Every structure is written in C-alpha cells, then in structure tokens.
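The values are calculated or read from the model by the stated rules, or taken from the named source; none is laboratory data. Remember, predicted model here, so these are calculated numbers, not experimental data. Don't worry about glycine lacking a Cβ; one is built from the backbone with ideal geometry, like all the others, and counts go over all protein chains shown. Quick note on the areas: whole protein, heavy atoms, side chains included, nothing else; ligands and nucleic acids left out. Shrake-Rupley method; radii C 1.70, N 1.55, O 1.52, S 1.80 Å.
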Amino acid sequence: MDFMKLVTERESIRNYDPTRPVEREILEQILEAGRLAPSAANLQPWKFLLVSSEHILEQVRSVYPRAWFVEAPHILIVTGN
C-alpha cells in the first residue's frame, strides 16, 4: 500500500444514510485496527469506546452540536492517557 496515496485520497464522511446501518462486523474491524495500532513500548495508552445506544448517543451528541455529528449512527470515542 502506498502511504501517500492513502493520505491524499482519504475522505471525511459527514453524511449518513439512516437506512444503511453499519454492519457489526465492520465496527468490530475498526475497533480491532485500533487495538492493533502500534505505540511506544507497546503501552497502548488509549481506550476506544464505540457508542451505538440511542440513549448514550443523545448524551454524547450534546457536546458537539454539528449536524454531521448529531446524525451519526455510531460515535467512536478515543481517549488517551
């Protein structure tokens, strides 16, 4: 894989189609990629939280009221130490 091609062709998706839910398998692949990401001394000083529950999504959406964020069917929160 060409890294420069990856960087220059990436996309920021800001429109979500509620009729096309993201498959659980895809969400798990995203979380697995984060889990396998390298870090210094393999400390992995981060946590990944996938929010899909409508109740929790409502609470999280209140902190960033942009339309694309409010409409997202899932929100991935990354925290670090």
Positions within the stretch 15-36 being part of a loop (DSSP other than H, G, I, E, B), open to solvent by less than 100 Å² (accessible area, probe 1.4 Å) and either touching a Phe, Trp or Tyr at 6+ places or on another chain (Cβ under 8 Å) or charged (D, E, K, R) (or both), in sequence order: Tyr16, Asp17
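A quick yes/no check of all residues on (1) of a type in the set (Lys, Arg); (2) over 24 Å from Arg14 (Cβ atoms); (3) not in a helix (DSSP H, G or I):
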{"position": "Gln44", "(1), (2), (3)": "no, yes, yes"}
{"position": "Phe48", "(1), (2), (3)": "no, no, yes"}
{"position": "Ile56", "(1), (2), (3)": "no, no, no"}
{"position": "Gln59", "(1), (2), (3)": "no, no, no"}
{"position": "Tyr64", "(1), (2), (3)": "no, no, yes"}
{"position": "Thr79", "(1), (2), (3)": "no, no, yes"}
Matching residues, the stretch 1-14, being within 20 Å of Phe69 (Cα to Cα) and either among the basic types (Lys, Arg) or open to solvent by 90 Å² or more (accessible area, probe 1.4 Å) (or both): Arg10, Glu11, Ile13, Arg14
Among (1) part of a loop (DSSP other than H, G, I, E, B); (2) open to solvent by less than 80 Å² (accessible area, probe 1.4 Å); (3) among the hydrophobic types (A, V, I, L, M, F, W, C), the one test that Trp68 misses: (1)
